[in-house]
1. So for the pair residue 23, residue 133, with labels modelled 7 Å out along Cα→Cβ, what separation do we get in nm?
2. Report, largest value first, the span of the C-alpha coordinates of the stretch 11-55 along each principal axis, in whole Å.
3. What does the charge count around residue 120 come to, taking other residues whose C-beta lies under 13 Å from its C-beta (Lys +1, Arg +1, Asp -1, Glu -1)?
4. Using a Förster distance of 25 angstrom, determine the FRET efficiency expected from the C-beta separation of residue 49 and residue 116, and round it to 0.05.
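Throughout, read-outs are computed from the coordinates displayed, never taken from laboratory work. Fair warning: this is a prediction, and the values are worked out from it, not measured in the lab. Virtual Cβ from ideal backbone geometry, glycine too; neighbours counted across all protein chains shown.
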Amino acid sequence: MSDPSKTNRGPAAAPANRRALIAAARELFAEQGFGVPFSQVAKRAGVGQASLYRHFPDKTALAIAVFDENLAALEAQAHDLRGLLELIVAQARMSASLLEVLAPTADAAAPALAQRLERIIAAILERERAAGRVDASITVDDVATAVSMVAFHTAFSSEHRADAGRAAIALIERALAP
């Protein structure tokens, strides 16, 4: 008799497999960087390599899916500048390794991800200005630069990542204050 938990559910399992692959990639990229073998993602997700390749033809496609989820989290959870920066700190370790890979690629999705981040920043900046928490002269590019600084500083500070992120946020908040 076969184990029902091992039964091939076919196309019905596709959404759960995709979510598991993205979650596994996020963990592995954070632990080992982008150089992690693609096959380890499938293993960590508990799916076969055929499922991995059905969803993602290569690691760049998988990295873009991870970034897409990161942006969805920013859209859903970041309601002010501090919240945005804190989420960036939380995502920074994994994201920095992916940014190194995606920056030089000609993948068509990369510019769309950058534009989406700019829209998130613009919406937050508009709310912050209306509440009088950010100087009116601060632009989306200014905040995008701050986001990059926080992400990279946090990601590449070897021992005290959380402290580095908090310090970067405090500095940026002082610079952006009205």
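1. The modelled label-to-label distance comes out at 3.1 nm.
2. On the principal axes, the stretch 11-55 reaches 31, 15, 14 Å in Cα extent.
3. Details: positive: 116, 119, 127; negative: 68, 75, 80, 118, 126, 128.
After counting each charged neighbour, the total is -3.
4. Using R0 = 25 Å, I get an efficiency of 0.25.
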